[in-house]
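Just below is one structure, and these are the notes that go with it.
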Amino acid sequence: MRPLPGRIDPSTVRPMTSPPPVFGLVLAGGMSRRMQTDKAALQIHGKQQLERAFELASGLCAKTFVSVRADQRADPLRSRFPTIVDEKDGLGPIGGISSAQAAHPEAAWLVLACDLPFLTTATLKFLLDHRDPSKPATAFISTHDGLPEPLCTVWEPSSREAVTAWIASGKTCPRKFLINSATHLLKQPDPQALDNVNTPDELTAAMSVLDGKAPAAVLKTLKIQYFALFREQAGRGEETLESTADTPARLYVELQRRHPFKLQKEQLRVAVNSEFCDWQAPLNSGDTVVFIPPVAGG
């Protein structure tokens with residue numbers, strides 16, 4: 001029997017599929033070597049960083065877990081929360097992501113690091129609202145180097161096999177995985193939201209901003225020129241980047257995250273717009289900065 005004109009034949013209607021649920025994963029398995037104390041336990045906003053990050057994710061996710069190493073299983077701070085233990089040691093964040101995907105393969109994962117003092121619910125909600133479940137992941141574009149930010153990202157279930165293969169091939173960098181995947185990329189609504197704290201100096205600077213003793217970061221365009229050893233390590237003679245660094249000291253910390261710069265700033269001289277200056281000199285948009293390594297010979 002044919003359906004009456006204007007009527008919908010139920011047999012032709014495909015059931016609507018909803019995107020997979022989103023679980024939260026707070027990465028807290030790091031060694032905190034540069035901070036020299038457990039970053040997860042640092043008090044910021046009146047709470048330990050891990051507690052605050054867990055609350056941010058829990059407010060937006062169906063379930064939330066903390067990613068830990070096997071030797072952190074009984075840690076008093078981490079054991080207060082539901083945990084997912086790394087299946088393999090030594091893989092870093094990608095190991096935590098893979099272990100979470102294995103534990104709950106049906107879920108998408110909102111993954112965030114525990115050391116993001118400027119992260120807000122608004123930034124996370126923006127990420128989830130603009131998520132593309134058809135892509136393996138949705139990530140923000142870093143305001144510092146224009147590359148994907150892997151540690152505040154939604155990883156879809158469809159990325160699980162590719163992540164497993166990535167690890168099996170000996171690769172462990174989640175950022176490079178996102179670069180080499182069809183990642184849905186978003187511009188950060190707040191350029192400072194994903195700035196993390198890895199050293200005591202960075203913690204002091206972040207606390208100054210949060211306490212209102214220093215102005216909030218402003219994104220500026222800076223030109224960096226490289227000579228001698230830095231040219232070799234950076235693989236280029238110069239680059240222009242967007243940065244929130246307000247001094248050469250903070251800019252150098254940012255560059256150490258991008259390039260294998262091992263020299264300490266005490267071993268260097270810095271020049272801004274062709275003039276030698278102090279490490280705490282203010283930087284302005286359009287400045288040209290040069291870090292000058294020690295010169296061999298007499």
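Since every read-out is calculated from the coordinates, none of them should be taken as a lab result. Model, not experiment: these values are computed from the prediction. All Cβ positions, even for glycine, are placed from backbone atoms using ideal geometry, and neighbour counts span all protein chains on display.
Summary table below
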| quantity | calculated |
| --- | --- |
| Distant-in-sequence amide H partners of Tyr226 (H built 1.01 Å from N, under 5 Å) | Glu238 |
| Whole-number percent relative contact order across segment 115-183, with pairs defined as alpha carbons under 8 Å at least 6 apart | 31 |
| Across Lys88/Lys265; Lys88/Lys176; Lys125/Lys223; Lys63/Lys88; Lys135/Lys171; Lys135/Lys187, pairs whose alpha-carbon gap is larger than 25 Å | Lys88/Lys265; Lys125/Lys223 |
| Residue-by-residue Karplus 3J(HN,Hα) for segment 227-234, coefficients 6.51, -1.76, 1.60, Hz, glycine and proline x | 10, 6, 4, 5, 4, 5, 6, 7 |
| Mean separation of Cα contacts under 8 Å, 6 or more apart, over the residue count of segment 22-187: relative contact order % | 23 |
| Extension reserve of the Asp211-Ser285 stretch, reckoned as 0.36 nm per residue once the Cα distance is removed | 24.2 nm |
| Share of Cα-Cα pairs in the chain lying beyond 23 Å, as whole percent | 61 |
| Long-range amide H partners of Ile84 with built H, under 5 Å | Val66, Ser67, Val68 |
| Between helix 200-210 and the chain: long-axis angle, C-alpha atoms, 0 to 90°, nearest 10 | 70 |
| Computed FRET value (nearest 0.05) for Ala122 with Glu242, which takes r as the C-beta separation and R₀ as 30 Å | 0.90 |
| Tilt relative to the chain, helix 248-258 - C-alpha long axis, 0 to 90 degrees, to 10 | 50 |
| Charge dipole (segment 30-71, unit charges on Cβ, about Cα centre) - positive-most of Cys61, Gly46, Gln36 | Gln36 |
| Ranked packing of 266-277, 35-46, 241-252, 62-73, most packed first, by mean Cβ within 10 Å | 241-252, 62-73, 35-46, 266-277 |
| Spatially proximal aspartates and glutamates relative to Lys39 (Cα-Cα < 16 Å; intrachain offsets below 8 disregarded) | Glu51, Asp75, Asp115, Asp195, Asp201, Glu202 |
| Rel. contact order, % - alpha carbon contacts under 8 angstrom, at least six apart, the chain | 15 |
